[in-house]
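Student: My questions will all concern the structure given below.
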Amino acid sequence: NCKTYFTSILWKSMKFNPKKISFGRHETFPLRYSWLTKGFQALISNQNIFSSDEATVELGVGKNMVKSIRFWLLACKMVKYSNSKYEPTELGSLIFDAKGGVDPYLEDEVTLWLIHWLISTNPKNATAWFWFFNRFHKPEFMADESSAALIEFANQNNIKSSLTILKGDTGILLRMYSRSTGNTRTSLEEALDSPLSLLGLITQAPGGRNYFSYPEERADLPLCVFGFAVLQLLETLEKKDLPIGDLMYSKTDFPSLGAVFRLTENSLISKLEQLGQIYGDIFAVRETAGIHQVYVLKTTDPLNILKQYYNSEDQLKNAA
């Protein structure tokens, strides 16, 4: 049906295509807490808000920030651009709708993990984020090393972009995700403007020169977001089963859960087993011909797992 078709089109954008990329569209501003809510609800009130002369007044920010808010809404897949206009996605409405949204003010850490997954699997709108979390696997690095690696990635894929823009993307990404281990008070203040820093996926050493992004157990990664990601990836690949190794390490132009969430192999397997326990009608982990695989037992809209979580009480909340 039409709804499933458009949902699938949204997920299809998870595949990296060097001819459909973008850098530097954030206008040098990292994602801020209030922007998704503010931008989404303004779009609901006025579908032409992002081309309107009144945008700066309605959103209460400067022109460059208006463009940045629009970029982040697209990068997070809360808004889509089709038929020459910006429209809310079903996912955006689920979360940010002023009347029925389940977490319009980003008060639930589950939503932050979800937003991280959506940005990191959006190579068309947030190419640097896709690259960093799927292709850059250095656990310890300096800012200049990450910039050089992104530039090399662009060159390898014949992507034309200025060095300044590429360096700007890595700079914004690190600011957006990293928390300093040397000054907790400062990092918490910065976290008010950079919600994704709360996830702990990148840390900054005291002094600020070195960064760390290690695979970890990630006990705080919500099971519903992990399950959503598994379903979304398999739907994109048009498969009902996948070797666990392919979820851990991407060998294609598609993202991998192990990389995006910076998981250890043991943690990935553990979370897949938990999926089978909590959502046993949807997921199963089995060994076939000596290969451990995850199976999707029935066709399920990935959004259903999120809806089930946000509308539930104890068991699923605890699992998150």
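The values are calculated or read from the model by the stated rules, or taken from the named source; none is laboratory data. Just so you know, these numbers come straight off a predicted model, no measurement behind them. Methodologically, a virtual Cβ is constructed for each residue, glycine included, from the backbone with ideal geometry; neighbour enumeration extends over all protein chains shown. Heavy atoms of the whole protein, side chains included, go into the accessibility calculation; ligands, DNA and RNA do not. Shrake-Rupley method; radii C 1.70, N 1.55, O 1.52, S 1.80 Å.
Student: To check you understand DSSP bridge types, tell me what percent of the beta bridges within region 194-320 (both residues inside) are antiparallel, rounded to 5.
Tutor: In region 194-320, DSSP labels about 90 percent of beta bridges as antiparallel.
Student: Return the Cα extents of region 263-304 along principal axes one, two and three, sorted largest first, each rounded to a whole Å.
Tutor: Rounded to whole Å, the extents work out to 28, 25, 15 Å.
Student: If you keep only loop residues by DSSP, which GluC sites (Glu not before Pro) in region 103-180 have at most 13 other Cβ atoms within 10 Å of their Cβ?
Tutor: For GluC sites (Glu not before Pro) across region 103-180 that sit outside H, G, I, E and B with at most 13 neighbouring Cβ atoms in 10 Å, the list reads Glu107.
Student: Further, regarding this structure: Under a 5 Å amide H to amide H cut-off, with H placed in plane at 1.01 Å, what residues pair with Lys80 once short-range neighbours are removed?
Tutor: Hits under the 5 Å cutoff: Glu87, Thr89.
Student: At each listed q (0.18, 0.19 Å⁻¹), what is the log10 of I(q)/I(0) that the Debye formula gives for region 68-226 modelled as equal alpha-carbon point scatterers?
Tutor: Taken in order of the listed q values, log10 I(q)/I(0) reads -1.23, -1.33.
Student: Separate question: I want to check the label-to-label distance for Lys85 and Arg209. Put each point 7 Å from Cα in the C-beta direction and report it in nm to one decimal.
Tutor: My value for the distance between the label points is 5.5 nm.
Student: Would you please give the FRET efficiency between Glu273 and Glu238, computed as 1/(1 + (r/R0)^6) with r the Cβ-Cβ distance and R0 = 30 Å, to the nearest 0.05? Write out the running numbers ahead of the final one.
Tutor: Numbers: r = 25 Å, r/R0 = 0.82.
In this case the efficiency is close to 0.75.
Student: Then there's this: Lys63 versus Thr288, label points 7 Å from Cα toward the beta carbon: distance in nm?
Tutor: Each label point is offset 7 Å from its Cα along the Cβ direction, giving 5.6 nm.
Student: Further question on the same structure: Can you tally the lysine pairs in region 57-124 where the Cα-Cα distance is under 19 Å and the two residues are eight or more apart, or on different chains?
Tutor: For region 57-124, the number of qualifying lysine pairs is 9.
Student: Using Cα positions and a limit of under 15 Å, work out the aspartates and glutamates in reach of Lys38, with same-chain residues fewer than 8 apart set aside.
Tutor: Correct list for Lys38: Glu54, Glu58, Glu87, Asp97, Asp103, Glu107, Asp193.
Student: Is region 55-108 rounded, prolate or oblate when judged by the Cα gyration tensor, a ≥ b ≥ c being the square roots of its eigenvalues, rounded requiring a/c under 1.5 and prolate requiring a/b larger than b/c?
Tutor: The shape class here is oblate.
Student: I would also like to ask the following. Need one number: nm distance between label points at Glu54 and Asn266, each 7 Å from Cα along Cα→Cβ, rounded to one decimal.
Tutor: 5.8 nm
Student: Sorted by mean Cβ packing within 10 Å, highest first, what order do the peptides 25-33, 48-56 take?
Tutor: Packing proxy ranking, top to bottom: 25-33, 48-56.
Student: Order of 201-212, 285-296 by packing, highest average Cβ count within 10 Å first?
Tutor: 201-212, 285-296
Student: In terms of Cα to Cα distance under 19 Å, which lysines are near enough to Lys138, apart from those fewer than 8 places away along the same chain?
Tutor: Reachable lysines: Lys167, Lys251.
Student: So with the 1.4 Å probe, I'd like the accessible area per residue for the chain, rounded to whole Å².
Tutor: Result: 46 Å² per residue.
Student: Cα gyration tensor of region 15-66, axes a ≥ b ≥ c as square roots of the eigenvalues: rounded (a/c below 1.5), prolate (a/b > b/c) or oblate?
Tutor: Here region 15-66 falls in the prolate category.
Student: Going through region 42-101, which trypsin sites (Lys or Arg not before Pro) have at most 13 other Cβ atoms within 10 Å and a DSSP loop state?
Tutor: Lys99
Student: Moving on to the next point. Can you classify region 16-156 as rounded, prolate or oblate using the Cα gyration tensor, where a ≥ b ≥ c are the square roots of its eigenvalues, rounded means a/c under 1.5, and otherwise it's prolate if a/b beats b/c and oblate if not?
Tutor: prolate
Student: So, R0 is 51 Å and r is the distance between the beta-carbons of Lys298 and Thr28; what FRET efficiency does that work out to, to 0.05?
Tutor: The formula returns an efficiency of 0.65 here.
Student: Follow-up question, since we're still on this one. How much length is gained on full extension from Lys19 to Tyr249, taking 0.36 nm per residue of separation minus their Cα-Cα distance? Let's see the in-between values first.
Tutor: Numbers: separation 230, 0.36 × 230 = 82.80 nm, distance 2.34 nm.
Going from the current span to full extension adds 80.5 nm.
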